[in-house]
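For reference, the structure discussed in these notes is given below.
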Amino acid sequence: RSVYDGEEHGRFMEKLEARIRNHDREIEKMCNFHYQGFVDSITELLKVRGEAQKLKNQVTDTNRKLQNEGKELIIAMEELKQCRLQQRNISATVDKLTLCLPVLEMYSKLREQMKSKRHYPALKTLEHLEHTYLPQVSHYRFCKIMVDNIPKLREEIKEVSMSDLKDFLESIRKHSDKIGETAMKQAQQQRNLDNIVSQHPRISGGKKSKKEVCASSDLEVKNTSPMSEQDSGILDVEDEDEDEEVPGAQDLVDFSPVYRCLHIYSVLGARETFENYYRKQRRKQARLVLQPPSNMHETLDGYRKYFNQIVGFFVVEDHILHTTQGLVNRAYIDELWEMALSKTIAALRTHSSYCSDPSLVLDLKNLIVLFADTLQGYGFPVNQLFDMLLEIQDQYSETLLKKWSGVFRNILDSDNYSPIPVTDEEVYKKIVGQFPFQDAELEKQPFPKKFPFSEFVPKVYNQIKEFIYACLKFSEDLHLSSTEVDDMIRKSTNLLLTRTLSNCLQNVIKRKNVGLTELVQIIINTTHLEKSCKFLEEFITNITNVLPETVHTTKLYGTTTFKDARHAAEEEIYTNLNQKIDQFLQLADYDWMAMEPGSKASDYLVDLIGFLRSTFAVFTHLPGDVDVHSTMSGKVAQTACMSACKHLSTSLMQLLLEAEVRQLTLGALQQFNLDVEECER
């Protein structure tokens, strides 16, 4: 700063120049001191350059040789590089294929299962494929195609399984008849076995009821796989009859389609849809089954087939109830049964009313009882069926009464109305065995001898017993008490006596051209039948084991019936006698202007008195011991005699007082007086 501020630039420059010259001299001095070393260094450096050039040439030569020698190595290394790349690609490909192959195998397995119609396993395979395998390889195009196909495959499985279900429904519709027949055979065998056990109580301890057997078999079913095609045991048939093996329903129908379809729809989340469809279809089938054929009432087979189908339907439903978890429930089956019960009862009421053959009605009753027992064995309430059987019982009684009306008519029409002649002891015992008759005097008489009654007495008595047996047959297996059975038999027998037999007897008594001998024999016969009523009471008591002293026991009205018939016969005798008297009186030919009377009574009157004498001789055949004979025959004969005398007296008086008789002579009156005196005599 001082140089710039002052005037000493020149001086400073001089001093600086001098300083530079000093330094140059020192440098030169220094260089001169080290020059030889420098020269030596340059000389060495020049030598090194030559050596370096040689080295360079050697390196270049070596490099050329190395390059020439390394070409093959480079080629080999390139090949190695490609191999390593391929190896890596192969390894990656193997890894990817390891992931893809199970997918393809599963898909192939799925297709195979679909082809062989193993739809439930196919659905399981589809689930594994969708959730386990496909997510690992989802970026491949073929996997995307598979994923797109999965809903279609599910739909296909649904459709095919539904088709199998439809085939199953068609199959059980066709086989319901056979299944029902099987179940009813089984129930019949069970009932036969129960009857045997009831006769041999000592073995009853080891017997299980059908519902116990069913319950135990249900427990076993719970432990089996739903895919199992084994039956539940509900339909298994206990083979009581070793000679005849009754097939179970599982032998007639394969239930596996409904199980498969149920589980397929359950897996697909459409179980409710399946249940609704199944129940709807079975309701339709139930309505078809419950529609009776129009000619069902014509033969027992028509009823049997109708019952078999209904039983088969409910046996299948009961089986489905116990072998599936909720496909059908008890409420649904109870609803179906209520519908079936009302329709069945209505159909039976209608069709049974057409039936006029008591044997067919009886067979129908036995069939209904077996039908009810079969379904009761499966837990269905059947009280209404037994109530309806009591209605059919009234109808059965009516058909019996019609049948026995014909039987009685034939017996009465074919009778000869004369006492039964007996030639030997064997015939006597046979008739006494048929009809309860005891007469000490008749037994003492030698053969040949005669019973007082005609053949229609033992025949009618035996037919009344047959009627009681027929009524008893209907009451069997109706779960009625002895008192109810006794009451039913007595009421029906009373109808038979008071209506059917009474009408038949009245028709015989009232028919034209009936003879006095026949009427007298009818009086005798009805008297013996009246006495036999107490034996009929005992007969009913013996077969029902209900004592007649029991409260509310209905009494037989047979006594009244036979008394009425006897009174009608007596009235008919009086009427016939009077008609005969009128016929004789028509022959009366009085000459009211005769001057002299005849020497004897008129011929017509003599004939009339001869007829009456022979007629009253018939009354000596009236039944009974001496006392009864004297009272009974005396009463009828006296009444007939009084009636005849009164009628004859009135008729003779009318002859005198006729308007045509304008005058008469004393001779005519004396002749008329002779006739009246003949009558008195």
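Here the spin labels are modelled as points 7 Å beyond Cα on the Cα-Cβ line, and at Glu426 and Arg613 they lie 4.4 nm apart. Spin-label model, Lys124/Val197: points 7 Å from Cα along the beta carbon direction are separated by 4.1 nm.
Classification of segment 17-153 by its C-alpha gyration tensor yields a prolate form. The axis ratio a/c (a ≥ b ≥ c) is 1.5 or more, and a/b outweighs b/c. Note on Asp603 and Glu17: their simple-model spin labels are 23.3 nm apart, each label 7 Å out from Cα toward Cβ. In this structure, the pairs whose alpha-carbon distance is over 27 Å, taken from Lys117/Lys305; Lys429/Lys555; Lys185/Lys402; Lys305/Lys473; Lys117/Lys280; Lys96/Lys117, are Lys117/Lys305; Lys429/Lys555; Lys185/Lys402; Lys96/Lys117. Residue by residue, segment 399-416 carries 3J(HN,Hα) couplings of 5, 5, 4, 5, 4, 5, 4, x, 4, 5, 4, 4, 4, 5, 6, 8, 6, 8 Hz when phi is fed to the Karplus relation 6.51 cos²θ - 1.76 cosθ + 1.60 (θ = phi - 60°); x denotes Gly or Pro.
Computed per residue of the chain from DSSP H runs no shorter than four, each worth -39500 (n - 2.57), the mean residue ellipticity at 222 nm is -26000 deg cm²/dmol. Contact order for segment 51-192, expressed relative to its length and based on alpha carbon pairs under 8 Å spaced 6+ residues apart, stands at 15 percent.
So what is the accessible area of the chain per residue, in Å², with the probe set to 1.4 Å?
Values: 39730 Å² over 681 residues.
Accessible area per residue: 58 Å².
Remark on Lys450: its backbone amide H falls under 5 Å from those of Val422, a criterion applied only to residues 5 or more positions apart or on other chains, H modelled at 1.01 Å from N.
Within the shell of other residues whose beta carbon sits under 11 angstrom from the beta carbon of Glu530, the net charge comes to +3, with Lys and Arg scored +1 and Asp and Glu -1. Among the trypsin sites (Lys or Arg not before Pro) found in segment 499-581, those both in a DSSP coil and sparsely packed, with 15 or fewer other Cβ atoms within 10 Å of their Cβ, are Arg511, Lys512, Lys555.
The structure-derived value of Cα extents along the principal axes in Å appears in the list [x] 100, 78, 52; [y] 242, 66, 48; [z] 94, 66, 65 under the label [y]. Within the accessible surface of segment 244-392, defined with a 1.4 Å probe on protein heavy atoms only, the carbon and sulfur portion equals 47 percent.
Highest-first packing order for the peptide set 280-290, 311-321, 131-141, 148-158 is 311-321, 280-290, 148-158, 131-141, based on the mean count of other beta carbon atoms within 10 Å. Sorting the segments 99-105, 393-399, 518-524 by their mean number of nearby beta carbons within 10 angstrom, highest to lowest, gives 518-524, 393-399, 99-105.
With a threshold of 23 Å on the Cα-Cα distance, the over-threshold entries among Lys600/Lys635; Lys144/Lys166; Lys115/Lys158; Lys580/Lys635 are Lys600/Lys635; Lys144/Lys166.
The values are calculated or read from the model by the stated rules, or taken from the named source; none is laboratory data. Please read these numbers as outputs of a predicted model, since none were measured by experiment. Using ideal geometry, Cβ is built from the backbone for each residue, glycine included, and neighbour counts are taken over all protein chains shown. Heads up: the accessible areas ignore ligands, DNA and RNA and are worked out on the full protein's heavy atoms, side chains in. Shrake-Rupley method; radii C 1.70, N 1.55, O 1.52, S 1.80 Å.
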